[in-house]
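Structure first, then comments.
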């Protein structure tokens with residue numbers, strides 16, 4: 001999730017509330033929240049200590065997407081950026097406001113949002129599939 005404290009009317013609070021309900025009703029074993037900024041350097045050589053775990057997680061998400069015929073874009077965007085103090089451009093990964101990764105037995109089984117042949121699967125789509133009362137037998141993967 002981007003930013004440390006979204007405003008109370010921010011949809012990210014709704015997502016957190018829904019996830020906490022799923023955890024309380026034991027639909028999911030546990031949730032954890034990671035905070036990140038707007039972007040990180042795309043090159044591992046340019047990372048500082050705080051960005052390295054985020055970069056590692058995105059690399060894991062990308063491997064999952066590649067294996068399953070999905071794309072992390074447009075939620076995660078690889079693009080160039082410059083600063084006001086330099087003409088030099090560097091490649092960065094623009095991070096989404098929120099992302100949901102689903103693990104089963106410590107194995108990544110889904111990343112939301114992601115894009116595939118059937119369109120984009122959002123965080124809300126995943127939550128809908130996890131919540132009781134959903135008629136679909138489809139697990140929140142791919």
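How far apart, in nm, are two points set 7 Å out from the Cα along the Cα-to-Cβ line at residue 32 and at residue 125?
In this crude label model, residue 32 to residue 125 measures out at 2.6 nm.
Over the chain, what relative contact order in percent results from Cα pairs under 8 Å that are six or more residues apart?
Working: 179 pairs, mean separation 32.3, N = 142.
Here the relative contact order equals 23 percent.
For the chain, what is the calculated [θ] at 222 nm in deg cm²/dmol (nearest 500), taking -39500 (n - 2.57) for each run of four or more DSSP H residues and dividing by its residue count?
Details: 3 runs with 38 residues, N = 142.
One gets -8500 deg cm²/dmol as the mean residue ellipticity at 222 nm.
With the crude spin-label approximation of a point 7 Å out along Cα→Cβ, what separation in nm comes out for residue 117 versus residue 77?
That separation, rounded to one decimal, is 2.8 nm.
Express the Stokes-Einstein translational diffusion coefficient of the chain in µm² s⁻¹, to the nearest whole number, given a Kirkwood radius over alpha-carbon pairs, 10 °C and a viscosity of 1.306 mPa s. Present the calculation step by step, with values, prior to reporting the outcome.
Numbers: Rh = 16.4 Å.
Taking Rh from Cα pairs, D becomes 97 µm²/s.
Determine the relative contact order of the range 21-105: mean sequence separation of Cα pairs under 8 Å and six or more apart, normalised by residue count, in whole percent.
Details: 69 pairs, mean separation 25.3, N = 85.
Contact order relative to length: 30 percent.
Mean-square fluctuation check for the chain, GNM, Cα pairs under 10 Å: which of 52, 82, 90 is largest?
Result for the chain, Cα springs under 10 Å: 82 fluctuates most.
Order of 15, 33, 102 from fewest to most other C-beta atoms within 10 Å? Present the calculation step by step, with values, prior to reporting the outcome.
On the way: 15 20, 33 10, 102 17.
Going from least to most buried by this count: 33, 102, 15.
Treating the angle as unsigned and between 0 and 90°, give the value, to the nearest 10°, between the Cα long axis of helix 11-24 and the longest Cα principal axis of the chain.
Tilt of helix 11-24: around 50 degrees.
Can you sort 30, 3 by how many other beta carbons sit within 10 Å, fewest first?
30, 3
Can you tell me the orientation of helix 52-67 relative to the chain, as the angle in degrees between its alpha-carbon axis and the longest Cα principal axis, to the nearest 10?
Approximately 60 degrees, to the nearest 10.
Compute the FRET efficiency between residue 68 and residue 9 as 1/(1 + (r/R0)^6), taking r as their Cβ-Cβ distance and R0 = 35 Å, and round to the nearest 0.05.
Working: r = 34 Å, r/R0 = 0.98.
The formula returns an efficiency of 0.55 here.
In nm, to one decimal, how far is the modelled label at residue 89 from the one at residue 23, with both set 7 Å along Cα→Cβ?
Distance between label points: 4.1 nm.
Quick one: 79, 99, 114, fewest Cβ neighbours within 10 Å first, how do they rank?
Working: 79 11, 99 21, 114 25.
Listing 79, 99, 114 from fewest to most nearby Cβ atoms yields 79, 99, 114.
Can you tell me the FRET efficiency between residue 104 and residue 52 if r is taken as the Cβ-Cβ distance and R0 is 30 Å, rounded to the nearest 0.05? If you can, show how the numbers build up before the last one.
Numbers: r = 26 Å, r/R0 = 0.85.
Once the sixth-power term is evaluated, E becomes 0.70.
Read-outs throughout are calculated quantities, based only on the coordinates presented, and are distinct from any laboratory measurement. Nothing here was measured: the structure is a model prediction, and the numbers come from that model. No Cβ is skipped: glycine too gets one built from the backbone with ideal geometry, and neighbour counts run over all protein chains shown.
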